[in-house]
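The values are calculated or read from the model by the stated rules, or taken from the named source; none is laboratory data. Keep in mind that what you see is a predicted model, and the values were worked out from it rather than measured. As a convention, Cβ positions derive from the backbone with ideal geometry for all residues, glycine included, and neighbour counts pool all protein chains shown. Surface accessibility is based on the protein's heavy atoms, side chains included, excluding ligands, DNA and RNA. Shrake-Rupley method; radii C 1.70, N 1.55, O 1.52, S 1.80 Å.
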Amino acid sequence: MTAPESSRPPSGATALRTHLCGTLGPDDVGARVTVCGWVAKRREHGEHLAFLDLRDHTGVVQCVVPGTVDVRSEYVLAVTGEVRRRPEGTVNPDLPTGDVELGDCAVEVLNPAEPPPFVVDDRVEVDEVVRLRHRYVDLRRPRMQANLRLRAGVNRALRAAMDRQGFVEVETPLLWAPTPEGAREFTVPSRLHPGAAYVLPQSPQLAKQLLMVAGLDRYYQFARCLRDEDLRADRQFEFTQLDLEASFVDQDDVLAVVAEAVLDAAEAATGERPGPVPRLTWAEALDRYGTDKPDLRFGMELCELGAVFARTGFRAFAAPCVKGIVVGEGASLTRSRLDVLTERAQALGAKGLAWFRVTGGEGGPGLESPVAKFLSDEEQTGLLQATGAGPGDLVLVVADEHRLACTVLGALRTELGGRPVSEGPYRFLWVVDFPLFDGVDDQGHPVAAHHPFTMPHPDDLDLLESDPAAVRSRAYDLVLNGWELGSGSVRVHRADIQRRIFTALGIAEDEAASRFGFLLGAFRYGAPPHAGFAVGIDRLVAIFAGEDSIREVIAFPKTQSGWDPMTDAPKPLAPGALADLGLKPLPRRD
Ligand code: ASP
């Protein structure tokens, strides 16, 4: 039996070449080989000798050509020569092929090239628009080649893990109907049905639930998801998720399946398998880290100071919640830096930020702060004890409503202690028991935190009508180094619970029927208990690739403004195209 494609050593031999540039080494000395690639560099040595560095996706090899050659950077060549050891003193230890060179080369120009818009070199900084306009040149850079190949390796590991765990790959439509997941969707006007439109799916959520009703049992897909939202370093209009759904399962089953897949991917990408993925409830994550996506690579946990200031005479601390963080060695932060932190806390919604420099002295540590004089000795000692802060540290305190105090300190924690997301180690985390609802809409109805098909926590079902804000859900997120990598939930499969959730959300029966009647209709024909998840592949790969922007692991991304400098998309519609679609442009409402 032949080995599968991926495990066969990639000799790279084709009709045009015998070897790959970057793979040549001392073992090949004496062989006459042909390599193909792009001219990375060219140097003349008088009239008798030319040196060419030829590059393909595996690396660069030096070719020595007798006489002169009429080639320039990025010309496409086939070079035939003999592998020989480099003469003493010319070995290049920085190059994997640096022990050898191709001697006595014959050069065939396969295609000339115009001078490239920028040098194909990882060390050269190039403006992003220029890179994206000539992405095909940008992708020749070793770093970009490595990123795309790493991505393929991650996909391979994920696919193998899903197959091994009994999941079936099914493709679902891109031309689809709205999905109630909160993001703005892209609309595709229909030519055959003027005035009507498809919607590009923000995820295959409803399709995969229908596949469960259809008895697929375990589904997955590398799903392209489309969301018309503002772009950021970790967000593009289109992105890829490993989307999955399973029947007759509970939360623990899904978490186990997903953990196995992402840990396999981590191992494939980095060579090391991270340990088991710990779990925090949403409430704990907020309380300890001030965020639902804590970065566990560093401590700086939020300290509870409510008991210390329970009877305080300092009005600013007489709040439902008083919490603090310790910035190790932070006492040296300048006054102007502390003012910036205070402004930042206020911008995040806090009334203020109290800071305390911990000083050392004969009588033990003390506090230096504009507000220290308002605190009793007992409170000052209590603050030091509760936070564990020592001389040289800085303590930041916020007193406010619980959620606000936590999120403000959480943001400061990340800003002061955080590191680039892609820096190891890789600390995965499950956050479970998210609230079912988050905030209220204009009409005072609670808003679904995940989506309206998320199962309430069984212990909180009775609160659905009386105290919806307190209802936890069976929704969970996967977090890696402070980035949300994906979300999922156990779904509502029973009509009675679904009806109660719609009522809480203020979705009338006829509205539910018109928006997702096809799903509710299907549920009448035997919906199994089911649950699922979706892992953001772009973010996962970016982190493993050491990149802080997902654009670096996507072949053809858009700029921050949603523009593709290479194709110039989006472009104005050609005359007549609007009419074909039954559309008429209106003046813009900016
Ligand atoms: N559809 C959800 C999302 O895209 C994932 C899920 O609940 O399975 O975030």
Within region 225-254, the count of residues that are of a type in the set (D, E, K, R) and in contact with a Leu (Cβ under 7 Å, 6 or more places away or on another chain) comes to 2
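Tell me yes or no: at least one residue of region 523-532 is among the aliphatic types (A, V, I, L, M) and away from the ligand (no atom under 16 Å from the Cβ). I'd like the intermediate steps shown before the answer.
Within region 523-532, the first condition is being among the aliphatic types (A, V, I, L, M), and the residues that meet it are 527, 531.
Filter once more, so that each one left must be away from the ligand (no atom under 16 Å from the Cβ): none.
Taking every residue of region 523-532 in turn, none turns out to be among the aliphatic types (A, V, I, L, M) and away from the ligand (no atom under 16 Å from the Cβ).
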Residue hits (region 59-90; of a type in the set (Val, Ile, Thr) and at pLDDT below 95) are Thr68, Val69, Thr90
Restricted to region 48-93 and to residues being of a type in the set (Ser, Thr, Tyr) and without any contact (Cβ under 8 Å) to a residue 40 or more places away in the chain, the residue most open to solvent (accessible area, probe 1.4 Å) is Thr68
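Are any residues in region 215-224 over 21 Å from Leu520 (Cα atoms) and either out of contact with any Asp or Glu (no Cβ under 7 Å at 6 or more places or on another chain) or away from the ligand (no atom under 13 Å from the Cβ) (or both), and if so, which ones? Don't jump to the end; show me each part of the working.
In the first step, residues of region 215-224 are kept if they are over 21 Å from Leu520 (Cα atoms); the result is 220-224.
Across region 215-224, the qualifying residue is only Phe222.
Pick from Leu341, Leu396, Leu404: which is under 13 Å from Leu302 (Cβ atoms), part of a helix (DSSP H, G or I) and under 38 Å from the mean Cα position of the chain (by Cα)?
Answer to the selection: Leu404.
In region 405-427, which residue that is in contact with a strand residue (DSSP E or B) (Cβ under 8 Å, 6 or more places away or on another chain) and open to solvent by 10 Å² or more (accessible area, probe 1.4 Å) is nearest to the ligand (Cβ to nearest atom)?
Step one: filter region 405-427 for residues in contact with a strand residue (DSSP E or B) (Cβ under 8 Å, 6 or more places away or on another chain), giving 405-406, 408-409, 412-413, 416-417, 421, 426-427.
Keeping just the survivors that are open to solvent by 10 Å² or more (accessible area, probe 1.4 Å) gives 416-417, 421, 426-427.
Numbers: Leu416: 30, Gly417: 28, Val421: 19, Tyr426: 21, Arg427: 21 Å.
So, considering only residues that are in contact with a strand residue (DSSP E or B) (Cβ under 8 Å, 6 or more places away or on another chain) and open to solvent by 10 Å² or more (accessible area, probe 1.4 Å), the one nearest to the ligand (Cβ to nearest atom) is Val421.
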Ala40 meets each of (1) assigned to a loop (DSSP other than H, G, I, E, B); (2) crowded, with 19+ Cβ neighbours inside 10 Å with one exception, condition (1)
Of the residues that make up region 143-154, is at least one open to solvent by 60 Å² or more (accessible area, probe 1.4 Å), modelled with pLDDT of 95 or more and more than 30 Å from Leu244 (Cα to Cα)?
yes
Counting only residues in region 272-313 that are assigned to a loop (DSSP other than H, G, I, E, B), out of contact with any helix residue (DSSP H, G or I) (no Cβ under 7 Å at 6 or more places or on another chain) and farther than 20 Å from Pro420 by Cβ, the one least open to solvent (accessible area, probe 1.4 Å) is identified as Gly306
Note on Glu229: of the conditions (1) over 25 Å from Arg524 (Cα atoms); (2) away from the ligand (no atom under 13 Å from the Cβ); (3) assigned to a loop (DSSP other than H, G, I, E, B), unmet is (2)
Point to revise | Condition met for Thr381 (at pLDDT 95 or above, among the polar types (S, T, N, Q) and under 29 Å from Ala283 (Cβ atoms)) | key: no
Listed by first then second residue, the pairs whose first member lies in region 375-387 and is within 18 Å of Ala331 (Cβ to Cβ), whose partner is part of a helix (DSSP H, G or I), with beta carbons under 7 Å and at least 6 positions apart or on separate chains, are Gln380/Ala372
Screening Asp477, Asp496, Asp459 for residues that are of a type in the set (D, E, K, R), farther than 20 Å from Leu519 by Cβ and part of a helix (DSSP H, G or I) leaves only Asp459
Subset of region 155-178, residues within 16 Å of the ligand (Cβ to nearest atom), open to solvent by less than 50 Å² (accessible area, probe 1.4 Å) and under 27 Å from Ser549 (Cα atoms), comes to Leu158, Met162
Taking region 455-486 and the residues there that are open to solvent by less than 50 Å² (accessible area, probe 1.4 Å) and without any contact (Cβ under 8 Å) to a residue 40 or more places away in the chain, the one that is farthest from the ligand (Cβ to nearest atom) would be Ala470
* To do: For region 179-189, state whether one or more residues are in contact (Cβ under 8 Å) with a residue 60 or more places away in the chain and away from the ligand (no atom under 16 Å from the Cβ).
  => yes
If we keep only residues of region 243-271 that are surrounded by fewer than 17 Cβ atoms within 10 Å (Cβ to Cβ) and acidic (Asp, Glu), then the residue nearest to Gly153 (Cα to Cα) is Glu267
Next on the checklist: Residue under question is Ala545, and the condition is that it be out of contact with any helix residue (DSSP H, G or I) (no Cβ under 6 Å at 6 or more places or on another chain), more than 16 Å from the ligand (Cβ to nearest atom), open to solvent by 20 Å² or more (accessible area, probe 1.4 Å) and of a type in the set (Gly, Ala, Ser); does it hold?
Outcome noted: no
When every residue in region 195-214 that is more than 14 Å from the ligand (Cβ to nearest atom) and free of Cβ contacts under 8 Å to residues at least 60 places away in the same chain is compared, the one surrounded by the fewest Cβ atoms within 10 Å (Cβ to Cβ) is Ala196
The number of residues in region 438-454 that are of a type in the set (A, V, I, L, M, F, W, C) and more than 16 Å from the ligand (Cβ to nearest atom) is 1
